[in-house]
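Working notes, beginning with the structure itself.
The values are calculated or read from the model by the stated rules, or taken from the named source; none is laboratory data. Source: prediction; values computed, not measured. Glycine gets a Cβ as well: all are built from the backbone with ideal geometry, and neighbour counts include every protein chain shown. Surface accessibility is based on the protein's heavy atoms, side chains included, excluding ligands, DNA and RNA. Shrake-Rupley method; radii C 1.70, N 1.55, O 1.52, S 1.80 Å.
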Amino acid sequence: MRNIRLISLELEQFRGIKQFKLNPNSDGATVTGANGSGKSTLMAAFLWLLIGKDSQGRENYNIFPLDYNGQRISGCHPTVTAVLDIGDEQTVTLKRCISEVWSKRKGTCESEYKGDATKFTVNEVPVSATEYASRVTELFPAALLPLLLNVAWFSEQTKDYKERRRLLMEQFGDLSQEDVFSAYPKFSKLKTMLGNHSIDEYARICTERRKRYKDALAVLPARIDENRKQLHNLPSADSIHSERSALNVEIAKLRYDIDHITETNARKVLEKEREDIERDLAVLSSKRRTFEVEANAEWVQQHTKHLQEAAAVKQHAQECLSEYQMHLHEITLKYNASIHQRDTLREEWSKKNTEQAVITNICPTCGQALPEEVVEQSFENFNLAKSAALEEIAARGRLASEDVARYSEEMECLRQHIETSAAALQEADEMYQVIQAELPPAIKYDIVEQLDAEESELRNKLQKVIDALTDCSQAAEKQVCDLKKQLNAHLEQADHLTRQLAEIDHNQLLQKRVADLEKEQRETLTALEESEYGLSMCQEFTLASVNMLTEHINTHFTGVRFKLFEPQKNGGIREICEASVDGVPYGTLNTAAKMQANMEIVQAFSRLAGISMPLFLDNRESVTNLVLPDEMQIINLVVEPGLPLGVKGE
């Protein structure tokens, strides 16, 4: 363990202390003074020197002296300096000073307050805030400094129990889940159930499953009852199948009688004759189409050839017209560009031609008049350069004019070609339309007249057969009507039996659905029991974990015991942080017992951190019998009414 000793602590203009220096020995010192004289300020100043914060972790609290009206006294420079023995015969001097920053704005006489600036030194060497913080972090555990310096900070000045729990868990709570499994073999099944999940995750999984299974069990009975109510008492399927088979035989017999009563011998002959006539008419129509195709085959071939030739001529004319139009578009773009270039060069030539020489007869370097021949030479050089530039512009302009004339001639020629091509395209299109509208020549052959006569004769015979069929059907109409009534009644009965079979099938589906729901109910109940068992095991594991964790943390203390969890009536646990000594809660201990307990807490944190810091004991006058650790330097803060701030023995 590294023992840090305070060799000297000096305060200047720090809160209510104008100047004070504490020089404790290696065991410590006793600081005396009346209430409000600044004893606790020494501890606050030492903490501010190290981390720039008060015991509550605030950085922006006021450390400047105040006047009688509670206003900050301007012009002060609060400074805290400490010399520390850090072991191995080494000392370090730390200094933190904060001062006001004043500046004058331009044009004013009065200074303006711009804020505060903090300066740091380590062993009298000025350093930045980052370097200072880094150096302090190397020497001390910055997060534990309020606890290690102030004996009552952990128990009485922390914000709430959560902060105390956090410190205990961070410093002493190095207990893993595997440690609990090793200590309690009864949780081996739970370890298998966890898989890759943590205890908290698996508990949440079991809770969610339990809710889902309970919700399912709440609705399953109603669903089972609903399906049971849809079941009906029906005859067996075998009897219905037998009845429907017999009925189908009667239906087939009726249909046979109806067919044979309507189809008498005469009717059969007439129907056969009508079929033959209709077949002959179809053959005759096919012959006519075949003859027309053969008669017009040569014409169709020639017509197709002429139509293709006309289409080719039309396509060629269209391609020529498109090519000339595209070429005209390209030449037009070049023509417009040449005109633009020509006009631009004309403007450039005119602008260049109007330029005048600006030549001075005074030397820009020495300010003396230049010789006349030098001035004349300058004019001559300007004129020569101007003439050369005008000639170059004129040459480019002539080329542009030549391009304009050439493109104009090409455009005129292309327009003539376009006009000729458009006329040729129109002529080709008209020729194509004429050829396309041509019709085949009328067929005037004896065979056509013969086919027409045969078709007329066949249609007359067909009409006579149809009339004969109408007369013979009237006699059997009444008998067919009676048989159809019987057939319809049988068909309705067959439909009723079919519906009954469908209801039987539906009943079987409902029975299967009820069985499935009952199976699901049993499986859900089993799953609910498993989830509740898993949740119960998680709760037992958590309780065992917290007990082990509490015992593990308490092993670092001798008289003080911490209670970190409290069981709830619902089986859960509530996080707390209550300290006790010999079973007596911290809040009901007397002053001496509280201070002794706080001393043990600080000593435990110090040993775990491997460092011993100067420890300030406030209200030391109220405790006479206190066991102090040998490794710590104790700064006792004792109230002496009527006395100013001072050190006992000095």
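Only one of the numbered conditions (1) open to solvent by 60 Å² or more (accessible area, probe 1.4 Å); (2) of a type outside the set (Phe, Trp, Tyr); (3) in contact with a Pro (Cβ under 9 Å, 6 or more places away or on another chain); (4) in contact (Cβ under 8 Å) with a residue 40 or more places away in the chain is violated by residue 162, and that is (3).
Of the strands (runs of 3 or more DSSP E) lying entirely inside segment 88-204, the ones with 2 or more residues being at pLDDT 80 or above and among the hydroxyl-bearing types (Ser, Thr, Tyr) are found at 90-104, 111-122. Every condition in (1) open to solvent by less than 50 Å² (accessible area, probe 1.4 Å); (2) free of Cβ contacts under 8 Å to residues at least 40 places away in the same chain holds for residue 64 except the one numbered (2). When segment 80-93 is examined, which residues are found to be more than 18 Å from residue 127 (Cβ to Cβ) and surrounded by 13 or more Cβ atoms within 10 Å (Cβ to Cβ)? Across segment 80-93, the qualifying residues are 85, 87. Of the residues making up segment 624-642, those that are at pLDDT 85 or above and surrounded by 13 or more Cβ atoms within 10 Å (Cβ to Cβ) are 632, 633, 634, 635, 636, 637, 638, 639, 640.
Would you point out which residue out of 190, 194, 175 is crowded, with 18+ Cβ neighbours inside 10 Å and more than 24 Å from residue 525 (Cα to Cα)?
After ruling out the rest, the residue left standing is 175.
For residue 373, are the conditions met, namely being acidic (Asp, Glu), touching a helix residue (DSSP H, G or I) at 6+ places or on another chain (Cβ under 9 Å) and part of a helix (DSSP H, G or I)? It is false that residue 373 is acidic (Asp, Glu), touching a helix residue (DSSP H, G or I) at 6+ places or on another chain (Cβ under 9 Å) and part of a helix (DSSP H, G or I). Checking each residue in segment 326-361 for being surrounded by 11 or more Cβ atoms within 10 Å (Cβ to Cβ) and farther than 26 Å from residue 406 by Cβ picks out 352, 353, 355, 357, 359, 361. For residue 249, the conditions (1) among the hydrophobic types (A, V, I, L, M, F, W, C); (2) in contact (Cβ under 8 Å) with a residue 40 or more places away in the chain; (3) in a helix (DSSP H, G or I) all hold with the exception of (2). Being open to solvent by less than 90 Å² (accessible area, probe 1.4 Å), free of Cβ contacts under 8 Å to residues at least 24 places away in the same chain and under 30 Å from residue 431 (Cβ atoms) holds for only one residue in 366, 413, 320, and it is 413. Among the residues of segment 521-545 satisfying the criterion of being open to solvent by less than 20 Å² (accessible area, probe 1.4 Å) and under 20 Å from residue 177 (Cα atoms), which is modelled with the lowest pLDDT? The extreme case among them is 541.
When you check residue 329 against the structure, is it over 13 Å from residue 410 (Cα atoms), in a helix (DSSP H, G or I) and not hydrophobic (A, V, I, L, M, F, W, C), yes or no?
No, not satisfied.
Results for (1) farther than 23 Å from residue 44 by Cα; (2) of a type in the set (D, E, K, R), shown as yes or no for each residue.
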{"residue": "84", "(1), (2)": "no, no"}
{"residue": "95", "(1), (2)": "no, yes"}
{"residue": "99", "(1), (2)": "no, no"}
{"residue": "108", "(1), (2)": "yes, no"}
{"residue": "116", "(1), (2)": "no, yes"}
{"residue": "122", "(1), (2)": "no, no"}
{"residue": "127", "(1), (2)": "no, no"}
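Which residue is least open to solvent (accessible area, probe 1.4 Å), if the candidates are limited to segment 5-43 and must be modelled with pLDDT under 90 and in a loop (DSSP other than H, G, I, E, B)? In this case the residue turns out to be 38.
Look at (1) charged (D, E, K, R); (2) surrounded by fewer than 11 Cβ atoms within 10 Å (Cβ to Cβ); (3) within 18 Å of residue 18 (Cβ to Cβ) and you find that residue 110 fails only one, number (3). Taking the listed residues 536, 545, 580, the one that is more than 43 Å from the chain's Cα centre (by Cα) and not hydrophobic (A, V, I, L, M, F, W, C) is 580, with no other qualifying. Here 429, 505 are screened, and the one residue that is more than 30 Å from residue 306 (Cα to Cα) and either at pLDDT 75 or above or hydrophobic (A, V, I, L, M, F, W, C) (or both) is 505. Scanning segment 612-620 turns up no residue that is out of contact with any Cys (no Cβ under 6 Å at 6 or more places or on another chain), on the phi < 0 side of the Ramachandran plot, open to solvent by 40 Å² or more (accessible area, probe 1.4 Å) and not in a loop (DSSP other than H, G, I, E, B). Considering (1) within 26 Å of residue 143 (Cα to Cα); (2) open to solvent by less than 20 Å² (accessible area, probe 1.4 Å); (3) assigned to a loop (DSSP other than H, G, I, E, B), the lone condition that residue 48 does not fulfil carries the number (3).
Listed by first and then second residue, the pairs with beta-carbon distance under 9 Å, at least 6 apart or on different chains, first residue in segment 145-157 and more than 11 Å from residue 43 (Cα to Cα), second in a loop (DSSP other than H, G, I, E, B) and small (Gly, Ala, Ser), are 153/55; 157/55. Scoring residue 499 on the criteria (1) modelled with pLDDT under 75; (2) of a type outside the set (S, T, N, Q); (3) open to solvent by 90 Å² or more (accessible area, probe 1.4 Å) leaves a single failure, condition (1). Looking across 105, 96, one residue alone is open to solvent by 40 Å² or more (accessible area, probe 1.4 Å) and touching a strand residue (DSSP E or B) at 6+ places or on another chain (Cβ under 8 Å). It is 105. For segment 546-595, the tally of residues that are under 22 Å from residue 153 (Cβ atoms), free of Cβ contacts under 8 Å to residues at least 24 places away in the same chain and open to solvent by less than 70 Å² (accessible area, probe 1.4 Å) stands at 7.
Going by what's in this entry, would residue 455 be described as modelled with pLDDT of 75 or more, open to solvent by less than 60 Å² (accessible area, probe 1.4 Å), within 21 Å of residue 280 (Cβ to Cβ) and of a type outside the set (Lys, Arg)? For residue 455, the condition - modelled with pLDDT of 75 or more, open to solvent by less than 60 Å² (accessible area, probe 1.4 Å), within 21 Å of residue 280 (Cβ to Cβ) and of a type outside the set (Lys, Arg) - is met. Does segment 560-578 contain any residue that is assigned to a helix (DSSP H, G or I) and either at pLDDT 85 or above or acidic (Asp, Glu) (or both)? So far as segment 560-578 goes, no, none of its residues is assigned to a helix (DSSP H, G or I) and either at pLDDT 85 or above or acidic (Asp, Glu) (or both).
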